[in-house]
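The values are calculated or read from the model by the stated rules, or taken from the named source; none is laboratory data. Keep in mind it's a predicted model, so treat the numbers as computed, not measured. Reconstructed Cβ throughout: ideal geometry from the backbone, glycine too, with neighbour counts over all protein chains shown.
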Amino acid sequence: MIQLGILLALLCALVTNFAFFFKQRGAKLAPLVCVSTPVRSARALFGSRWFMLGMLVAVAAWLLHVAAMVFAPLATVQVVLAGGIVLVGVMAERVFGFSVSRRQWLGLAATAAGLVAFALTVPGGGGARAGFSSTGMIIFETALCGLGAALIVGPSAGAPRQHHGNMLGAAAGILFGVSDISIKALTGIAGAHGPLALLASPWLALTVLASIVAFFASAKSLQEGDAVPVIAITSASANVSAIAGGFLVFGDPLPSSALGIVAQLLGVFAVVVAAALMPSLRAGETAAVQSAP
């Protein structure tokens with residue numbers, strides 16, 4: 001049955017990438033997302049057939065992710081999904097007509113290698129934990145929200161405007177991680193106190209708020225940035241945020257050996273280096289081909 005879980009995880013990685021590329025094409029065709037008119041921006045995005053198709057495909061990818069975790073260990077699923085980031089470059093060139101630079105290929109490879117090293121050294125048995133410390137949860141989620149907000153307003157704080165698309169992608173991934181961590185906490189609350197307790201939980205409100213902000217940040221990142229680095233950075237930051245939350249909030253076990261801890265540190269370092277490699281050498285290097293794949 002593990003082989004079935006691996007196959008489902010591979011399909012999930014492939015379908016997730018298709019969802020990102022479809023949403024990117026729809027976002028490029030839609031008017032720019034405007035913070036002051038979120039309802040109008042959302043209506044315009046969902047009015048794009050490509051973006052709507054991307055959202056529907058993303059739901060299918062989420063269902064495949066859940067199914068994969070039923071048949072295979074969480075760490076195994078993470079390894080397959082992490083390796084799937086390399087597919088972003090292949091699909092970008094072969095299916096969607098993008099040009100991927102050598103630096104971006106190195107960035108994709110470093111991202112995948114870093115996440116695989118991280119996932120391979122996650123001890124088994126920690127995936128089902130849902131009990132958490134309220135203090136730890138508040139500190140960790142506040143730190144992630146603060147980091148996401150700083151990335152969103154980056155140019156206003158002096159960050160280079162040309163990298164704002166990648167910064168928005170990282171912010172979206174971090175906020176998706178905030179939502180995932182809150183959802184995991186809600187499963188523990190529902191198990192201990194019943195489903196009605198969710199209505200009074202502040203983590204439900206945080207889940208909704210983080211998901212909404214992440215949705216708009218992701219859409220705007222796909223409008224402002226190049227598809228390949230934005231998709232890779234969004235996926236990597238969401239993965240790292242969720243895994244870190246497992247350690248720091250839910251008490252998932254750390255590697256028992258020094259080698260495992262070093263591998264995880266190197267994995268995080270590889271992802272950070274990859275983020276620096278991903279931006280294109282020339283503006284517009286990866287302009288989208290608007291025809292159907």
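Criterion applied to Ile138, Ile174, Ile189, Ile183 was being buried (at least 21 other Cβ atoms within 10 Å of the Cβ), closer than 23 Å to Leu248 by Cβ, modelled with pLDDT of 80 or more and of a type outside the set (Asp, Glu), and the one residue passing it is Ile174. The residues of region 27-61 that are touching a helix residue (DSSP H, G or I) at 6+ places or on another chain (Cβ under 8 Å), of a type outside the set (A, V, I, L, M) and part of a helix (DSSP H, G or I), listed by number, are Lys28, Pro38, Ser41, Phe46, Arg49, Trp50, Phe51, Gly54.
For region 205-227, check the following and say yes or no: at least one residue is in contact with a Pro (Cβ under 7 Å, 6 or more places away or on another chain) and not hydrophobic (A, V, I, L, M, F, W, C).
No, that holds for no residue.
Once region 193-231 is narrowed to residues that are without any contact (Cβ under 8 Å) to a residue 12 or more places away in the chain and among the small types (Gly, Ala, Ser), the residue that is surrounded by the most Cβ atoms within 10 Å (Cβ to Cβ) is Ala197. Leu8 falls short of the stated requirement of being crowded, with 18+ Cβ neighbours inside 10 Å, farther than 30 Å from Val77 by Cα and out of contact with any strand residue (DSSP E or B) (no Cβ under 9 Å at 6 or more places or on another chain).
Evaluated against (1) modelled with pLDDT under 85; (2) assigned to a helix (DSSP H, G or I); (3) of a type in the set (A, V, I, L, M, F, W, C); (4) farther than 30 Å from Phe51 by Cα, Ala275 falls short on exactly one condition, (4). Note on region 262-271: among residues that are touching a residue at least 60 places away in the same chain (Cβ under 8 Å) and not polar (S, T, N, Q), the one that is surrounded by the fewest Cβ atoms within 10 Å (Cβ to Cβ) is Phe269.
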